[in-house]
Amino acid sequence: MANNKLKMGMIGGGPGAFIGAVHRIAANMDGEIELVCGAFSSDEEKSKQQGAILRLAPQRVYGSYKEMIRREAELPIAERMDFVSIVTPNHLHFEPSKLALESGFHVVLDKPMTFDLAEAKQLKEIAAKSGKYFCLTHTYTGYPMVKEARQQVLSGKFGNIRKVYVEYPQGWLSTFLESSNQKQAAWRTDPSKSGVAGAMGDIGTHAFNLAEYVSGLQVTKICADINIVLEKRKLDDDGAALLKFNNGSSGVLFATQIAAGEENNIKIRVYGEKGGLEWKQEEANTLLIKWLDKPTEVWRAGTGYLGSFASHNSRTPSGHPEGYLEAFANHYRNFSFCVQAQKKGEQPKQEWLDFPGIEDGVRGMAFIETVIASGKSKEKWMDLKT
């Protein structure tokens with residue numbers, strides 16, 4: 001797309017981190033982005049260690065995100081980073097994002113957006129004032145067949161949407177893993193780092209985002225049952241919610257991390273008056289289109305009959321699986337195209353703008369706070385307010 005790659009800085013993603021490496025692979029996949037600097041850990045030595053592993057220039061590896069953003073902003077425009085990717089735990093999302101936007105850098109941020117809804121609302125205002133692009137990495141809406149699913153619903157072919165089912169079962173926290181110094185389990189189950197929610201914040205937000213994206217609707221009310229199955233655990237590891245949407249339809253969402261034997265089989269079904277659809281990550285290249293009065297259709301990724309949004313986000317011919325990393329990479333790629341267009345003073349294409357952003361982040365935090373509040377309350381139905 002452009003003569004020069006976008007220059008990326010990273011905050012977090014140091015030794016032993018999981019999601020940082022995923023972000024780096026995704027950003028690198030299409031040759032549009034180059035990692036040039038980083039503050040990979042709050043421990044300066046660990047940050048330097050990660051920088052050396054990634055073969056970065058030592059002077060571009062920093063001991064803190066504040067130092068990185070300040071010093072990068074002092075560099076000539078042609079040399080400094082164009083945007084920052086923030087891959088820290090939830091409690092370290094807001095301040096780096098705020099500083100980066102206010103310092104003139106675009107932002108890619110891992111989900112959920114902030115520690116709480118108040119921070120999310122504040123960040124929305126900061127992003128609007130900055131004029132910079134903001135991408136929130138809700139991975140699953142990056143899949144080609146999820147994008148096709150959304151376009152199928154928006155086409156109106158199913159009539160009015162009546163029912164949405166979305167689920168995200170995992171089993172990795174079926175034991176008290178956080179007691180074994182497992183890094184991912186430790187921070188995700190710690191209220192001081194994760195916020196008010198455990199499973200609902202970690203994977204429930206993915207299910208919520210997927211439901212709104214594919215259906216084209218917005219959740220207005222939630223009635224939740226939230227559980228802590230392992231007694232010593234401090235945050236929810238299981239839950240379900242009844243949903244009401246802004247067109248009057250209803251839905252069901254469940255997210256659990258104690259479903260022993262389950263991996264990451266996020267799944268969605270949407271039903272309208274005339275038919276519906278089904279997609280699940282374990283068969284990500286397939287979209288089922290279901291009809292009231294004729295056989296189910298099997299739509300496949302990489303085929304010529306798909307719409308422009310799915311086609312734009314596909315890299316391989318049909319039959320060659322594209323998965324989690326490619327879906328992640330689609331967000332980075334579309335984000336990078338928009339940033340490059342802005343640099344050139346051009347208008348981005350609609351397909352490029354189709355990545356999760358600040359509004360998704362605010363709604364995700366509103367979902368977290370509403371679903372937990374409903375779970376704790378005897379007055380179960382609660383309005384989702386942003």
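Having 2 or more residues that are in contact (Cβ under 8 Å) with a residue 12 or more places away in the chain and under 18 Å from the mean Cα position of the chain (by Cα) is the bar; report the helices (runs of 4 or more DSSP H) wholly within segment 1-90 that clear it.
Counting at least 2 such residues, we get 19-28.
Being buried (at least 24 other Cβ atoms within 10 Å of the Cβ) and not hydrophobic (A, V, I, L, M, F, W, C) is the filter; apply it to segment 94-108 and report the residue that is farthest from ARG363 (Cα to Cα).
HIS106
So how many residues does segment 150-170 have that are assigned to a strand (DSSP E or B) and under 20 Å from LEU292 (Cβ atoms)?
Final tally of qualifying residues: 5.
Would you mention how many residues in segment 331-386 are farther than 11 Å from ALA224 by Cβ, of a type in the set (Phe, Trp, Tyr) and out of contact with any His (no Cβ under 9 Å at 6 or more places or on another chain)?
1
Quick check on my filter: what residues within segment 337-365 are in contact with a Lys or Arg (Cβ under 6 Å, 6 or more places away or on another chain) and either part of a loop (DSSP other than H, G, I, E, B) or open to solvent by less than 30 Å² (accessible area, probe 1.4 Å) (or both)?
Residue satisfying the conditions is VAL362 alone.
Out of everything in segment 169-189 that is modelled with pLDDT of 95 or more and out of contact with any helix residue (DSSP H, G or I) (no Cβ under 7 Å at 6 or more places or on another chain), what residue ends up being nearest to LEU242 (Cα to Cα)?
Here the residue is PRO169.
In this structure, is LYS111 of a type in the set (Lys, Arg), crowded, with 19+ Cβ neighbours inside 10 Å, under 19 Å from GLN340 (Cβ atoms) and touching a strand residue (DSSP E or B) at 6+ places or on another chain (Cβ under 6 Å)?
No; evaluated as a whole, the condition is false for this residue.
The values are calculated or read from the model by the stated rules, or taken from the named source; none is laboratory data. Since the model is a prediction, treat every value here as computed from it, not as a measurement. Cβ atoms come from the backbone with ideal geometry, glycine included; neighbour counts cover every protein chain shown. Protein only, heavy atoms only, side chains kept; ligands, DNA and RNA dropped before computing areas. Shrake-Rupley method; radii C 1.70, N 1.55, O 1.52, S 1.80 Å.
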